[in-house]
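The values are calculated or read from the model by the stated rules, or taken from the named source; none is laboratory data. What you see is a predicted model, and the numbers here were worked out from it, not measured in a lab. Backbone-built Cβ (ideal geometry, glycine too); neighbour counts: all protein chains shown. In case anyone asks, the SASA skips ligands and DNA or RNA and just uses the protein heavy atoms, side chains included. Shrake-Rupley method; radii C 1.70, N 1.55, O 1.52, S 1.80 Å.
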Amino acid sequence: MDSEATTEARILSAADALFYEYGVHAVGMDRIRDASGVSLKKIYKCFPSKGVLVEAYLRRRDRWARTALEERVARHTDPEERVLAVFDWLYDWVDGPDFHGCAFINAFGELGADSQGVVDAVRDHKAAVRNYLRDLAHETGAAEPDWLASQLAVLLDGAMSNASITDSPTPARHARSAAKTLLNGQAAPVV
């Protein structure tokens, strides 16, 4: 018999795959039941509502994305290369067969007006990524690491959105090039 943690993991794995590929609104709980092999009664015992399941899915995605990103960046020691590795990671992810855009932007677009839990999960993720970028910017000796991190975050989100729309990893290369320009120029923030 499955433990509660294993049951939750099966539900989350199914929800993750379905929500990410098809969107939250397009996926009903019956479909998650079928994909996970877990009864609706057990699903609702673990996740009392679809909203709670969506939040759990986003929190899981957050852990996956940030871990994958940090592992890729850790391969480098040069501070500027560590920043650029963010966009190399993005390129490889976007170029893979399972890329369907940014789960956080997608979920916010679908549910942001109706779910404070989704808004919180999305904002927490974006803030954590921006803080990570700030730490990387600080390592480069940037005069304005907060400003640089904000610029890098815009490049990252823009590249993900454009890659999804164009079905091409090329925007990740463009974002990498723009990041390199920012690193080389270290222009002062515009007020």
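When only alpha carbons of segment 49-104 are considered, Rg and Dmax amount to 13.7, 46 Å. In degrees, nearest 10, range 0 to 90: what is the angle between the Cα axis of helix 4-22 and the longest Cα principal axis of the chain? Between the helix axis and the principal axis of the chain, the angle is about 60 degrees.
The simple Förster model, with R0 at 30 Å and r as the Cβ-Cβ distance, assigns Asp95 and Val119 a FRET efficiency of 0.50.
Sorting Thr140, Thr6 by accessible area (1.4 Å probe), largest first, what list results? Walk me through the numbers on the way to the answer.
On the way: Thr140 35, Thr6 65 Å².
Ranked from most to least accessible, the order is Thr6, Thr140.
Which value, in Å², gives the accessible area per residue of segment 46-191 when a 1.4 Å probe is used on the protein heavy atoms? All intermediate terms of the calculation are to be shown ahead of the outcome.
Values: 7320 Å² over 146 residues.
That works out to 50 Å² for each residue.
Per-residue ellipticity at 222 nm computed for the chain from its helices equals -25000 deg cm²/dmol, with DSSP H segments shorter than 4 residues left out and the rest contributing -39,500 (n - 2.57). For segment 1-68, the alpha carbon positions stretch 31, 27, 18 Å along the principal axes, listed from largest to smallest. Within segment 98-140, what whole-number % of the accessible surface is contributed by carbon and sulfur, with the 1.4 Å probe and all protein chains included in the calculation? Carbon plus sulfur share of accessible area: 48 percent.
Counting only protein heavy atoms, what percent of the accessible surface of segment 1-75 is carbon or sulfur at a 1.4 Å probe? Kindly include the intermediate steps, with their values, before the conclusion.
Details: 2110 of 4110 Å².
So the carbon and sulfur contribution to the accessible surface is 51 percent.
Here, segment 127-191 yields an orientationally averaged convex hull projection of 4.6 nm² when only Cα atoms define the hull.
Checking the a/c ratio against 1.5 first, then a/b against b/c, what shape does the Cα gyration tensor give for segment 80-191? Oblate shape, in that a/c is at least 1.5 and b/c is the bigger or equal ratio.
Taking His174, His25, His76 as the candidate residues, the one with maximal mean-square fluctuation in a Gaussian network model of the chain, Cα springs under 10 Å, is His25.
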